[in-house]
Amino acid sequence: MSVKRILVVDDSATDRQFLLENLTSLGYQVSLADSGEQALEKAKAERPDLVIMDVVMPGTNGFQATRQIARDEATKHIPVIMCTTKSQETDRIWGLRQGAKDYIVKPIDVKELASKIAALG
C-alpha cells in the first residue's frame, strides 16, 4: 500500500500546521482534524491512507479514536501512527494495543516520521 493521503489529528493548531507543511513538502495530500470525533468522521468519509493521531485531546482522546478506527469495518484497514507528548513505554504499548501501527513522541522529528510512513508503504 502506498501512502498518498494522510489525515492529521491534533487539537493543537501549531502542531497541525507543522505537520501540514512538512508532510505537504514531502509530497503527501494532507487533511486535518482537530478532535477525535472529527477524526472518526473524516476517516470514514475520506478514507485516507494513513492517520497521524495525537493522544491528548478533549472529548474522544487519541487512544479511543484509534481503537474505534481499528475496530470499525469501514476503517480498520487504515493504519494509525500515534504522535504524542506521552513518552512513557506504557503509553506506547497501550497505543499499539489500541490498534496503532507505530508511535512517535513529540517534538516531531520529520525524518523519523517520514521513515515510519515509508515503512508502512
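The values are calculated or read from the model by the stated rules, or taken from the named source; none is laboratory data. All of these numbers come straight from a predicted model, not from anything done at the bench. Positions of Cβ are generated from backbone atoms using ideal geometry, with glycine treated the same way; all protein chains shown enter the neighbour counts.
Would you pick out the residues in the stretch 43-65 that are assigned to a helix (DSSP H, G or I), under 12 Å from residue 9 (Cα atoms) and aliphatic (A, V, I, L, M)?
The answer is 43, 65.
Considering only residues that are in a strand (DSSP E or B) and β-branched (Val, Ile, Thr), which ones fall in the stretch 66-121? Explain how you work it out, then say what you get.
In the first step, residues of the stretch 66-121 are kept if they are in a strand (DSSP E or B); the result is 80-84, 102-105.
Of everything in the stretch 66-121, those that are in a strand (DSSP E or B) and β-branched (Val, Ile, Thr) turn out to be 80, 81, 84, 104, 105.
Select, from 15, 11, the only residue that is modelled with pLDDT of 95 or more and in a loop (DSSP other than H, G, I, E, B).
11
Mind listing whichever residues of the stretch 52-105 are basic (Lys, Arg), in contact with a helix residue (DSSP H, G or I) (Cβ under 8 Å, 6 or more places away or on another chain) and within 19 Å of residue 119 (Cβ to Cβ)?
Scanning the stretch 52-105 gives a single hit, 101.
Regarding residue 105, is this residue of a type in the set (Val, Ile, Thr), touching a strand residue (DSSP E or B) at 6+ places or on another chain (Cβ under 7 Å), surrounded by fewer than 19 Cβ atoms within 10 Å (Cβ to Cβ) and farther than 19 Å from residue 2 by Cβ?
Yes.
Can you name every residue in the stretch 33-63 that is under 19 Å from residue 20 (Cα atoms) and of a type in the set (Ser, Thr, Tyr)?
Hit for the stretch 33-63 is 35, nothing else.
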